[in-house]
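Here the structure comes first, spelled out in structure tokens, and everything after it is commentary.
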Amino acid sequence: MTMTDKTHSSINPSRRRFVISASGAVGVAALASVLPRAAQAADLPAINPKDSAPAALAYTEDSASSTNAKHVAGSECLNCDFYQARGTTNPRGPCMIFPGKSVNAKGWCMSYVKVK
């Protein structure tokens, strides 16, 4: 019996089933952890542009209406690195700059960083 034969014959079939089952469970758990986050993003309250943090960063719900000197045409939350709902069809989504609030995908603020 070679070393390879010995290794193969020593693998317990119940151990193999356990490893396969555990791998599947880890995949399901990973997927389940993503789904609630996506659902919660739609449930976040809309940011109030007049609150102190958004006002300090010149947040506007419509980037086209921004009069801020730092605003560049075409820059909006949807193509900002801090926006966390890219790839969805939601018109609003969470932003790392304003935790616990949703911003308009067409909005803009001075923290804008173009997605690379």
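Before moving on, here are some points about what is shown:
- Among all residues of region 56-64, there is none that is on the phi < 0 side of the Ramachandran plot, in contact with a Pro (Cβ under 8 Å, 6 or more places away or on another chain) and touching a residue at least 60 places away in the same chain (Cβ under 8 Å).
- For region 39-92, the tally of residues that are among the small types (Gly, Ala, Ser), in contact with a Ser or Thr (Cβ under 6 Å, 6 or more places away or on another chain) and either surrounded by 17 or more Cβ atoms within 10 Å (Cβ to Cβ) or closer than 14 Å to LYS114 by Cα (or both) stands at 1.
- Whichever residue in region 57-114 is more than 19 Å from the chain's Cα centre (by Cα) and among the β-branched types (Val, Ile, Thr) and, among such residues, is nearest to ILE47 (Cα to Cα): THR60
Read-outs throughout are calculated quantities, based only on the coordinates presented, and are distinct from any laboratory measurement. What you see is a predicted model; the values in this text were computed from it and never measured. FYI the Cβ positions are ideal-geometry reconstructions off the backbone, even for glycines, and counts take in every protein chain you see.
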